[in-house]
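Report on the structure given below.
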């Protein structure tokens with residue numbers, strides 16, 4: 001069972017002043033939506049460590065930027081609709097599985 005975001009982790013992400021950094025933006029959106037790092041990593045086909053690096057403002061390859069922007073748009077839309085935040089890991093897994101299936105069928 002993946003860990004949820006700790007209060008210390010959330011505080012560290014919120015204290016980072018880079019509001020225009022794509023990774024930081026993605027971190028804040030995923031925390032708000034309660035989407036675990038493990039599932040974000042699976043969606044993008046990268047390691048959890050890579051997602052941690054992104055979430056802390058690390059470099060993101062330019063080829064991934066369009067997919068990340070699309071992902072953020074979906075998450076923000078679903079948050080506005082009230083679909084997110086997710087209540088628990090099993091609902092997060094179902095939600096992300098649906099996104100992966102949609103990505104693969106596109």
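The values are calculated or read from the model by the stated rules, or taken from the named source; none is laboratory data. Model, not experiment: these values are computed from the prediction. All Cβ positions, glycine included, derive from the backbone under ideal geometry; neighbour counts span all protein chains shown.
List the helices (runs of 4 or more DSSP H) inside the range 1-75, counting only whole elements, that have at least 1 residues being surrounded by 11 or more Cβ atoms within 10 Å (Cβ to Cβ), at pLDDT 95 or above and touching a strand residue (DSSP E or B) at 6+ places or on another chain (Cβ under 7 Å).
Correct list: empty, since no element meets the threshold.
Please go through the range 89-106 and pick out each residue that is exposed (fewer than 13 other Cβ atoms within 10 Å of the Cβ) and at pLDDT below 90.
Once the filter is applied, which keeps residues that are exposed (fewer than 13 other Cβ atoms within 10 Å of the Cβ) and at pLDDT below 90, the range 89-106 yields 102, 104, 105, 106.
Residues in the range 82-96 that are assigned to a helix (DSSP H, G or I) and touching a residue at least 40 places away in the same chain (Cβ under 8 Å): how many?
Summing the residues that are assigned to a helix (DSSP H, G or I) and touching a residue at least 40 places away in the same chain (Cβ under 8 Å) in the range 82-96 gives 5.
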